[in-house]
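In what follows, a single structure is set out as structure tokens and then discussed.
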Amino acid sequence: MDLLRRVQKALALVGLGAALASCSSNRSDQLRLGAGIALTGNAGLLGQDARTGLDLAKLQFAQLQPRLELELEDTGSDEVGATVAFRRLINAKPVAILGPSLSQQGFAVMPMADRAGIPVIGVSTTAPGIPQLGPFVARVASPVTVVAPRSLAKALQLNPGIRRVAVFFAQDDVFCTSETQIFQQAIRAKGLDLVAVQRTSVADTDFQIPITNVLRSRPQLVVISALVADGGNLVRQLRELGYQGQIVAGNGLNTPNIYPVCQKHCDGMLITQAYNPSLDNASNRDLLKLFRRGRPADAVPPQVTAQAYTGYQVVHEALAKLKGTLPKGQSLTSLPLADLRQRLLKTLLAGTYQTPLGELRFSPEGEVVQRDFSVARVSMDADGRSGRFVLQP
Amino acid sequence: MQDLVQLLLNGLSTGAVYALFALGYTLVFSVLGVINFAHGAVFTLGAYFTYFLIGGGAGANGLLAGLQLPFALPFWLALPLAGLMAAAVALVIERIAFRPLRAQGADPLLALITSLGAGVVLVNLIQLLVGAESYAIPTGSLGNLPAAIQLLGAQVRTVQLLLLAVAAGLVVVLSIWIDGSRSGKALRAVSEDPITAQLLGIPSGRMIQIAFGLSGFLAGIAGGLVGLSVSIAGPYFGIGYGLKGLGVLVLGGLGSVPGAVLGGLIIGLAEACVPADLSGYRDVVAYGFLFVMLLVRPQGLLGKVLPTKV
């Protein structure tokens, strides 16, 4: 009887040891990827789109080596929240970090990751100067200098008679201020009259005063650089107060989350797209298939969703490529973390990727090089509650 | 002339929102002598209640994802109902964040912190339940009324005029109630000296509850109307209004109902006067104006200087 108990104990210990060994061997292949995005505050709408993209990428790459464990932190919508989130992410010892959502936050926290020697890849930070923040900083979101002027050109193509242009921009957000500079340069370069420039705040919701100021100058085109909640309200109130001309919106409004804000008044807005849902490549097909699970068959991911998915994908592909360069039997996790991050950065910047955004590569300083852009016109359904971004020829 | 009318309309319509917000602060301050920092969260809840009562559905990012009530009320019915629901929440806040401290004779300053805590909990609860996304009350909720109307050549959105009318109406009703009714006079007695009022047979506790209930009702109505006007930009959208409302409360005179209205309209007009090229600095102008006013008249425009007992 005593012998039987001893055998049982020994078997139990062996079983426990085997379980622990298998557990630790699973973990040894798993790398941690950090993501800091705005899930709350006035940029939360953009962050929700990014979260969807990350979740879909996690599903897509779950079964592929190397395994990535996603560590998600809410940065809120300001620099303080982003700093707290990035400090936690850095302490979690990730191989790389995706985010943050806003350029304003990026200028505060990307240097933190850079100083820690962690590759940080912006998925929606489009202000000029982001990749120059440090050698470990890169992005998959095309800079505003490349994106912004295209929708302006399309508006002029659709209505060549436009002469008088008014501009609104949120002065307390660095992305909006840099985007409006690009827009205003383009407006002047095309010989148009800049009849009014109105500064707003991303926290504003009531625009009665700035709109009535602008409407007195009888603009034929209004160009808006704002975020979703403030920008959507601005568009709605512009229309309600009688403005009937063309509206060009910046990248901050580039999400279906504007539909419930400006409702039927979103209709007709022009926005440049870094993501074309009809792009026919394997990566985009994967994204669309995953995104449409539980959604209508023709549902289309927002641009930021595609960009976040792309951010995850390029990190995963670079890690897989790096793994292929190691001697047989050696795992990525056997490398010292600092060395792994260095090598990841080098591999990441050297690669070319087929992504939902089209073919991407990086400049040596981490700027994304993307070829495919299009301009979309927002088309709202009759009920004014849902709509779509219709790509313009 | 047209520019002047436009400026006045802009200022009054913006100021009406601030006034409506500050009225709620004022009611609680008048009986307890403390500011209820959870007022902004109750305002936010009022907007969400209105949205759901008119048949709106929850988005995809909260525990209540996809939830929709089985009925949809017209806006004019949903709004007062949302006000009542907000009033109920305000009563709960009074019960858990103010009354226990009052019962222990704690420093009134501590209630600032408990009310702030209650507000933070409420805002995060909203986020947990219905997510951080924007919700909008449909633009057609006012029936066939036009989106905007012209007055003497100036443009104003109909919903802004409605806000102005509701704020004016509520101020008149409140003033009549406070000055002309028995319970209103009882409220004034409690605000002057709760212990003496209690000795005279006035139920101070009940009057405080009435003040909270009314304050919550006003916040709910204001939230619903502002939500209709500018959409509900997530659980935090009451914060900006709350800060401005505090400024208005101080400018008008702590605890003064007409002062809250006057302060709101003055701040609104001050913002409307900001030139176009400085439009992003409206808050600086508004708070700078407030700062100067308080240096000249620390008790606020219509506040009273109370004699200090020695």
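One residue is enough: does region B:81-90 have a residue meeting the conditions in contact with a Ser or Thr (Cβ under 9 Å, 6 or more places away or on another chain), among the β-branched types (Val, Ile, Thr) and part of a helix (DSSP H, G or I)?
There is no residue in region B:81-90 that is in contact with a Ser or Thr (Cβ under 9 Å, 6 or more places away or on another chain), among the β-branched types (Val, Ile, Thr) and part of a helix (DSSP H, G or I).
When you go through (1) within 12 Å of another protein chain (Cβ to nearest Cβ); (2) within 21 Å of the chain's Cα centre (by Cα); (3) part of a helix (DSSP H, G or I); (4) not aromatic (Phe, Trp, Tyr) one by one for residue B:137, which number turns out not to apply?
For residue B:137, the exception is condition (3).
Please state which of the following conditions residue B:172 fails to meet, knowing it meets all the rest: (1) over 30 Å from residue B:143 (Cα atoms); (2) at pLDDT 85 or above.
(1) is the only condition that residue B:172 fails.
Name the residue, out of B:38, B:47, B:19, that is modelled with pLDDT under 90 and surrounded by 24 or more Cβ atoms within 10 Å (Cβ to Cβ).
Working: B:38 fails: modelled with pLDDT under 90; B:47 fails: modelled with pLDDT under 90.
Just a single option satisfies the conditions, and that option is B:19.
Need the failing condition index for residue A:184 against (1) touching a Leu at 6+ places or on another chain (Cβ under 8 Å); (2) under 16 Å from residue A:232 (Cα atoms), just the number.
(2)
Of all residues in region B:278-292 being among the aliphatic types (A, V, I, L, M) and more than 22 Å from the chain's Cα centre (by Cα), which is nearest to the other protein chains (Cβ to nearest Cβ)?
Of the residues in region B:278-292, the ones among the aliphatic types (A, V, I, L, M) are B:278, B:284-286, B:290, B:292.
Adding the requirement that they be more than 22 Å from the chain's Cα centre (by Cα) leaves B:278, B:292.
Numbers: B:278: 8, B:292: 21 Å.
Applying the filter and picking the extreme gives B:278.
Can you name the residue in region A:241-254 that is in contact (Cβ under 8 Å) with a residue 12 or more places away in the chain, surrounded by fewer than 24 Cβ atoms within 10 Å (Cβ to Cβ) and not hydrophobic (A, V, I, L, M, F, W, C) and, of all such residues, is nearest to the other protein chains (Cβ to nearest Cβ)?
The extreme case among them is A:242.
Report yes if residue B:72 is over 20 Å from the mean Cα position of the chain (by Cα) and modelled with pLDDT of 90 or more, otherwise no.
Yes; evaluated as a whole, the condition is true for this residue.
Looking at (1) assigned to a loop (DSSP other than H, G, I, E, B); (2) at positive phi, which is the one condition that is false for residue A:244?
In the conditions (1) assigned to a loop (DSSP other than H, G, I, E, B); (2) at positive phi, residue A:244 misses (2) alone.
Which of the following residues is more than 10 Å from every other protein chain (Cβ to nearest Cβ), outside any strand (DSSP E or B) and within 19 Å of the chain's Cα centre (by Cα): B:161, B:129, B:125?
B:161
Write out, first by first residue and then by second, each pair whose Cβ atoms fall under 7 Å of each other, whose residues are 6+ apart or on separate chains, and whose first residue, in region B:225-247, is part of a loop (DSSP other than H, G, I, E, B) while the second is charged (D, E, K, R).
Listed pairs, sorted by first residue: B:234/B:133.
Look through B:191, B:215, B:204 and report the one residue that is modelled with pLDDT under 85, surrounded by 15 or more Cβ atoms within 10 Å (Cβ to Cβ) and touching a Gly at 6+ places or on another chain (Cβ under 7 Å).
B:191
I want to confirm something. Restricting to region B:102-134 and keeping residues that are charged (D, E, K, R) and surrounded by 14 or more Cβ atoms within 10 Å (Cβ to Cβ), which single residue is farthest from residue B:204 (Cα to Cα)?
My answer is B:133.
Regarding region A:197-210, can at least one residue be identified that is among the β-branched types (Val, Ile, Thr), over 17 Å from residue A:254 (Cα atoms) and away from chain B (no Cβ under 11 Å)?
No: region A:197-210 contains no residue that is among the β-branched types (Val, Ile, Thr), over 17 Å from residue A:254 (Cα atoms) and away from chain B (no Cβ under 11 Å).
Mind checking whether some residue in region B:102-121 is outside any helix (DSSP H, G or I), more than 22 Å from the chain's Cα centre (by Cα) and not small (Gly, Ala, Ser)? I'd like the intermediate steps shown before the answer.
Of region B:102-121, the ones outside any helix (DSSP H, G or I) are B:104-107.
The next check asks that each one be more than 22 Å from the chain's Cα centre (by Cα); those that pass are B:104-107.
After this cut, where a residue has to be not small (Gly, Ala, Ser) as well, the list is B:104, B:107.
Checked region B:102-121: at least one residue is outside any helix (DSSP H, G or I), more than 22 Å from the chain's Cα centre (by Cα) and not small (Gly, Ala, Ser).
The values are calculated or read from the model by the stated rules, or taken from the named source; none is laboratory data. Computed from a predicted structure; not experimentally measured. Heads up, the Cβs are rebuilt from the backbone with ideal geometry, glycines too, and the neighbour counts pull from every protein chain shown.
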